[in-house]
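Enquirer: Below you will find the structure I want to go over with you.
Values quoted throughout were computed directly from the atomic coordinates according to the rules given, and no laboratory measurement underlies them. Because the structure is predicted, anything quoted here is derived from the model rather than measured. Here Cβ is always computed from backbone atoms with ideal geometry, including for glycine, and neighbour counts include all displayed protein chains.
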Amino acid sequence: MTVRRSERKLRDPDLGVLTGRTLFGLQRELFATVAEQGHPDLRPRHGAVLAYLDEEGSRATDLAAQSGQHKQVIGTLVDELVALGYVERRPDPADRRAKLIMPTAKGLDQMVKADAAVAAIEARHAEAVGEEAYAEFKRVFRLVAGHRSDLG
């Protein structure tokens, strides 16, 4: 008897399935939490900007590189976040031709609340599996996430 692919993926999920479950579960909880705390208009796609945005501002090219998104995607997300009041564009004092994406007071509030929510999620996972096991999981996950298949 042949085991269906979907059954196999449920029983023994590969790295892609596990990563997706981890990401989507984290996003659901994170965005529900920040919505309850005054930021109901944000969507997971906005995380490509907000997760990497520095309090002092970031260039769109840096946000694109850090998030793995195309610069055009970041530009669209920044436009949405400007319209929602979370960020603004300002001239970069280091290069007047460039723009910095700066969090507004509303953006800074969301960033603080999101950081606290993620910390609470991580603390809950660490408690569930044990501090040492969770620390090792994160260590190995960082190694796997940082490994580029084109390097070896």
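Enquirer: For residue 61, which of the numbered conditions (1) surrounded by fewer than 15 Cβ atoms within 10 Å (Cβ to Cβ); (2) in contact (Cβ under 8 Å) with a residue 40 or more places away in the chain; (3) hydroxyl-bearing (Ser, Thr, Tyr) fails to hold?
Expert: Condition (2) is where residue 61 drops out.
Enquirer: When residues of the stretch 64-88 are filtered for being at negative phi and part of a loop (DSSP other than H, G, I, E, B), how many remain?
Expert: 3
Enquirer: Given the residues 82, 87, which is the only one that is buried (at least 17 other Cβ atoms within 10 Å of the Cβ) and not aromatic (Phe, Trp, Tyr)?
Expert: 87
Enquirer: Which number in (1) closer than 19 Å to residue 121 by Cα; (2) charged (D, E, K, R); (3) not in a helix (DSSP H, G or I) marks the one condition that residue 55 misses?
Expert: (1)
Enquirer: Please verify whether the stretch 10-26 includes one or more residues that are more than 20 Å from the chain's Cα centre (by Cα), more than 21 Å from residue 146 (Cβ to Cβ), in a helix (DSSP H, G or I) and not acidic (Asp, Glu).
Expert: Yes.
Enquirer: Can you give me the number of residues within the stretch 10-30 that are surrounded by 13 or more Cβ atoms within 10 Å (Cβ to Cβ) and out of contact with any Pro (no Cβ under 6 Å at 6 or more places or on another chain)?
Expert: Residues meeting the conditions: 5.
Enquirer: Just to be sure, is residue 61 part of a helix (DSSP H, G or I) and touching a Lys or Arg at 6+ places or on another chain (Cβ under 7 Å)?
Expert: When the stated conditions are applied, residue 61 passes them.
Enquirer: Could you grab me the full set of residues in the stretch 27-52 that are more than 9 Å from the chain's Cα centre (by Cα), part of a helix (DSSP H, G or I) and touching a residue at least 40 places away in the same chain (Cβ under 8 Å)?
Expert: Across the stretch 27-52, the qualifying residues are 29, 30, 33, 34.
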